[in-house]
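Here is the structure we will look at, set down as structure tokens.
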Amino acid sequence: MKKLITALAMTVLLTACGNEEVATTEQPTTEPVEVKSAATEKPMKSKEAVKVEILEKEMTNSDIQELISLKFRLENDSGKELAGVKGTLVFFDKFNDEVIKFDFSEDALDMPVKGWSEFWLDFPYNQYISNDVKFMAADLEDMTYEFRYHTILFADGTTL
């Protein structure tokens, strides 16, 4: 009798779940998004619109914990004024193995066409996480990185 009740309960549960729409989360893509630029009328790829360069890294201390500080340089190579950028910065070692990921979001850029900006961003450091330790021990010159764009926001409200 117990098995029958369990089977009926599972059937009801599965039937109920099967009739509902499943919520999905959008996964970041490494493929560039294409959009037409008014200036050139040819598709522009997100990797061409904004260039990200990492200039320096250092360890900084706050009152609560240590931080990984990265100095960024963003260049606006699009044909529009840039308002914000969101994505994930991924670092790789000499063997092209992923070392660490940092989510990045800056929504107050106000960057003109062909303009650039340099700024520091801080990320939490944990001495007990091997990838954090490996990243801080390695020189930037010994690593490669890739910026995986989620959204590029322009001042006119359009996005890539």
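Here, each number is a calculation from the coordinates, and none is a lab measurement. Fair warning: this is a prediction, and the values are worked out from it, not measured in the lab. Reconstructed Cβ throughout: ideal geometry from the backbone, glycine too, with neighbour counts over all protein chains shown.
Failed condition for Pro112, given (1) within 17 Å of the chain's Cα centre (by Cα); (2) surrounded by fewer than 14 Cβ atoms within 10 Å (Cβ to Cβ); (3) under 20 Å from Asp156 (Cβ atoms); (4) free of Cβ contacts under 8 Å to residues at least 40 places away in the same chain, with all others met?
Result: Pro112 passes all but (1).
Quick check on Phe123: is it more than 18 Å from Glu75 (Cβ to Cβ), part of a helix (DSSP H, G or I) and touching a Phe, Trp or Tyr at 6+ places or on another chain (Cβ under 7 Å)?
Answer is no for this residue.
Given (1) farther than 29 Å from Thr159 by Cα; (2) free of Cβ contacts under 8 Å to residues at least 12 places away in the same chain, identify the lone condition not met by Glu98.
(1)
How many of the residues in region 46-66 are aliphatic (A, V, I, L, M), in a strand (DSSP E or B) and either under 18 Å from the mean Cα position of the chain (by Cα) or farther than 16 Å from Asp122 by Cα (or both)?
So the count comes out to 4.
Please identify the pairs in which a residue from region 135-160 that is without any contact (Cβ under 8 Å) to a residue 24 or more places away in the chain has its Cβ atom under 7 Å from the Cβ atom of a residue that is of a type in the set (Val, Ile, Thr), counting only partners at least 6 apart or on another chain.
Thr159/Thr151; Thr159/Ile152
Given (1) on the phi > 0 side of the Ramachandran plot; (2) in contact with a strand residue (DSSP E or B) (Cβ under 8 Å, 6 or more places away or on another chain), where does Gly157 come up short, assuming only one miss?
That leaves (2) as the condition not met.
Could we say that Glu146 is over 16 Å from the mean Cα position of the chain (by Cα) and not hydroxyl-bearing (Ser, Thr, Tyr) here?
No.
Which of the residues spanning region 64-100 are surrounded by fewer than 16 Cβ atoms within 10 Å (Cβ to Cβ) and of a type in the set (A, V, I, L, M, F, W, C)?
Ile64, Phe92, Phe95
Of (1) farther than 17 Å from Gln65 by Cα; (2) exposed (fewer than 15 other Cβ atoms within 10 Å of the Cβ), Asn126 satisfies all except one. Which?
(1)
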